[in-house]
Amino acid sequence: MIRIEEIVEKVSRNHPQADLDLLRRAYFFSAREHKGQTRASGEPYLVHPLEVANILADMRLDEISVATGLLHDVVEDTLVEPEAIRELFGGEIAHLVDGLTKIAQISNQSREEQQAENVRKMLLAMVDDVRVVLVKLADRLHNMRTLGFLKPEKRRRIAQETLDIFAPIAHRLGMGRMRGELEDLAFQNLHPEEYRELAEQLEKRRGEHKAFLREVTSRIEEKMREAEVPIIRIEGRVKRLFSIWKKLKRQKIELDQVYDLIAARVVTPDEVRYCYAALGVVHNLWQPVPGRFKDWIATPRENLYQSLHTSVIGSMGQSFELQIRTEEMHRIAEEGVAAHWKYKEGRRGSHDDDEAFQWLRSLVEWSQEVKDSRDFLESLKLDLYPKDVYAFTPMGKVIQLPRGASPIDFAYMIHTEVGNTCSGARINSRMVPLRSTIQNGDVVEILTSPNAHPSRDWLNFVTTSRAKNRVRHWVSEQQRIESIELGRKLFEKESPRFNLPAKKLLADADGELKRIANEYGYGRVDDLLAAIGYGKIMPRNVIAKYLGPEKFAELEQKKESRLRSSVNAGVQAVRKLIRLGEDSIVVRGVDDLLVVRARCCNPVRGEEIIGYITRGKGVAVHARRCTNVQQLMINPERVVEVEWASSVDEAASYAVKLLAITENRTGMIADVTNAIKDIKTNIRASTAAVSEDDRGRIEVTVEVFDLKHLDKVMSSIRKVPGVLDVERLHGVA
Ligand code: MN
């Protein structure tokens, strides 16, 4: 067991002014409180807080952090009250221990919700005081080192969580060494067989690797001496097991095919010019591999990582990676925030001047917006994993994006408003579709228009959580506005049948409708209307509440008798039932959020249509010919009048699938498609087959503007010699 005096010694070396007595008092307190407790390994529990404190001392953290390490489990695992910590060790330590206790507390939610909740707490705690997370990471690291004593299932769960949450957080805080160890330990526990195998394979090559690195090192040293470039040391290493394993998995290759298994690192004195000088020497000595040079000094990563990376082809024709950085950059690469975090009086949280914490703040911001825990964890993973694409604004500002990011993601990185009004994009001066993928080094220009707005479709391709959440937010806002509007219309339409003054009722925000809204548990009339628009509440139920049961039943009966005669008479009668008034709902060319064309019959403009209020998806528009329409008449109160908008602002087209039955001859398909193209009609897809009775079956999906256009297409196909029949296939085109 490590002794407290060793830890005290380390802290005093890094912080000569530190209150060392505080550490000793924290130690004795922790020892007394954890007395009699043991770990899964059988050791006394005290080993754990001591080891955690030692990790923190090695990170050169202050005595407050180290003391917190000693005390981190006492409130959680013993009878000690938070007040006692405050009295004995002061407010700062009490605050940190409190943050850690909160993260540790397990509620009886589902595992996913629990994890999401913990991460949220951790993010909040981090912004409040980053030391909470540093202690938490040290805690997790020691638990990972001693994971072997737990049952396999628990071991896997903790390892997975480490890989999903803790290692990425360490990475985002720039703590390379912590991340590396957490990842390797997680890998070992999640895939023990593969870990062992890989470790064995590497062990076999150890001699070979060592010799190679010795050779590389001496060559570099010699050349640097000749060129008079000062360097502090050269480190050679084999890459970490987890990162090798990931590479093998991702590229589906064998260990022999990994060309950058070995990496060397040149550490220079703390002046940037030595790095570039060293790079020159190295590139002079060996041929660089094109496209592998990266300057993370000129453009530091978001987590403040700086270094020059290059790959060169060695004397034996084997390529290897080289990193060049100053001693200070090296420290930051290994220790991250822990290295550059300064504790000054009254300065504990993150501040505006700390670039490393900008991502953290935005993370916290949306962590509070996102309600669904699955969504939250998913976007968290997206946000925590390395971002590899660097793009530029036309003004030369660097925007960091995850791989696969689109111009929409880029737009939202600049500003929410830019995203919300994005109408197009240029990449390297060329117009591109919004769903394009941004590549490293692209110059991206976002075009905006005051009339442009986000589209639900964007959710299918944006990759950043920021863009996802902003678009979702916009869509749900829009959906609410539309559902209120729809609810209002539906209510207005139903009212005359019961002789209700709808307009007057709706105009009074604090009147009868408000009372009814409250009865349903809604605060405002708008909420009630939104519920009607969503199909959650039928307007007639609201009217029933307004009129009272007796009056409503009386009027309902009159209406009912009219209805009953029509229900069974089918579609013809429905026509009579629905009088097309000026208050019908207008269907525009493209689907709205709350007025969508039914997928079963896929009506096109010009066809006779009726609307049906669905539950939660607004009004579904069916063609009257649709076989489902009769079925829908079982709930006649859900049927509403709809009509196509008289003017169409854009050339909206509808995809319709057609089936042509033809003779089986060569050139048939070409003739059919040409007949369609002849009348300037787009073909979206086509397939052809020969049926058992030796007929050709050609299916084409065409884009038409309206029913007339469709008729034209169909008759054009019919005229092709050899075509026996053409029919429209219903359902999704
Ligand atoms: Mn612990």
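The values are calculated or read from the model by the stated rules, or taken from the named source; none is laboratory data. Model, not experiment: these values are computed from the prediction. Glycine also receives a Cβ, built like all others from the backbone with ideal geometry; neighbour counts cover every protein chain displayed. Keep in mind that these areas ignore ligands, DNA and RNA; they rest on the heavy atoms of the full protein, side chains included. Shrake-Rupley method; radii C 1.70, N 1.55, O 1.52, S 1.80 Å.
Over the chain, DSSP H runs of length four or greater, each weighted -39,500 (n - 2.57), average out per residue to a 222 nm ellipticity of -15000 deg cm²/dmol.
So for the pair ASP694, ARG515, with labels modelled 7 Å out along Cα→Cβ, what separation do we get in nm? Output for this residue pair reads 8.0 nm. Taken about its Cα centre, the chain carries a charge dipole of about 2040 debye when Lys and Arg each add +1 at the Cβ and Asp and Glu each add -1 at the Cβ. The alpha carbons of the range 151-273 give a radius of gyration and a Dmax of 17.6, 58 Å, in that order. Candidates TYR534, LEU96, ILE158 compared by Cα position along the dipole of the chain: farthest toward the positive end lies TYR534, with charges placed on Cβ. Report the relative contact order of the range 233-286, percent, no decimals, based on alpha-carbon pairs under 8 angstrom and at least 6 residues apart. Relative contact order for the range 233-286 comes out at 44 percent. A simple spin-label model places pseudo-atoms 7 Å from Cα toward Cβ; at LEU724 and ALA40 they are separated by 7.1 nm.
Out of every Cα-Cα pair that the range 609-733 contains, those further apart than 23 angstrom amount to 44 percent.
Summarised as an ellipsoid, the chain has semi-axes of 62, 39, 23 Å, derived from the eigenvalues of the Cα gyration tensor scaled by 5 and square-rooted, with the largest first.
Ratio of Rg to Rh for the range 425-515, alpha carbon only, Kirkwood? Rg/Rh: 1.25. Among the GluC sites (Glu not before Pro) in the range 669-730, those placed in a DSSP loop whose Cβ has at most 11 other Cβ atoms within 10 Å are GLU692. Remark: spin-label model distance ARG497-ASN664 equals 5.4 nm, labels positioned 7 Å along the Cα→Cβ axis. For the range 1-139, the square roots of the Cα gyration tensor eigenvalues, ordered a ≥ b ≥ c, give a/c of at least 1.5 with a/b greater than b/c, which places it in the prolate category. The residues neighbouring VAL52, those whose beta-carbon lies less than 9 Å from its own, together hold a net charge of -3 under the Lys/Arg +1, Asp/Glu -1 convention.
What separates the Cα centres of the range 39-77 and the range 624-701 is a distance of 70 Å.
Per residue, the convex hull spanned by the Cα atoms of the range 9-51 measures out at 61 cubic angstrom. When trypsin sites (Lys or Arg not before Pro) are flagged only if DSSP places them in a loop and at most 12 other Cβ atoms lie within 10 Å, the longest unflagged stretch of the chain comes out as 36-251. Using R0 = 22 Å, the C-beta based FRET efficiency linking LEU248 and ALA211 works out to 0.40. The radius of gyration of the Cα set in the range 154-203, together with its Dmax, comes out at 11.5, 32 angstrom. Taking square-rooted eigenvalues a ≥ b ≥ c of the alpha carbon gyration tensor, is the range 99-226 rounded, prolate or oblate, where a/c under 1.5 means rounded and, failing that, a/b exceeding b/c means prolate? Taking the square roots of the gyration eigenvalues as a ≥ b ≥ c, the range 99-226 is oblate.
Summary value for the chain: 7 percent relative contact order, contacts being C-alpha pairs under 8 angstrom separated by 6+ residues. Here the ratio of the Cα radius of gyration of the range 487-536 to 2.2 N^0.38 Å is 1.04. Probing with 1.4 Å while keeping every protein chain in the model, the per residue accessible area of the range 228-311 equals 51 Å². All other residues whose Cβ lies under 9 angstrom from that of HIS72 are scored, Lys and Arg at +1 and Asp and Glu at -1, for a net of -2. Its relative contact order, with pairs defined as Cα atoms under 8 Å and 6+ residues apart, puts the range 425-531 at 19 percent. Measuring r between the beta carbons of GLU203 and ARG145 and using R0 = 22 Å, the FRET efficiency lands at 0.60. The overall shape of the range 590-635 is oblate: from the C-alpha gyration tensor, with semi-axes ordered a ≥ b ≥ c, the ratio a/c is 1.5 or greater and a/b is no larger than b/c. Gyration tensor analysis over the Cα atoms of the range 252-299 returns equivalent ellipsoid semi-axes of 25, 12, 12 Å (largest first, whole Å). Rounded to the nearest 0.05, what FRET efficiency is calculated for GLU9 and GLU477 with R0 set to 60 Å and r the Cβ-Cβ distance? Once rounded, the FRET efficiency stands at 0.55. Looking at the chain, the DSSP beta bridges with both ends there are about 80 percent antiparallel.
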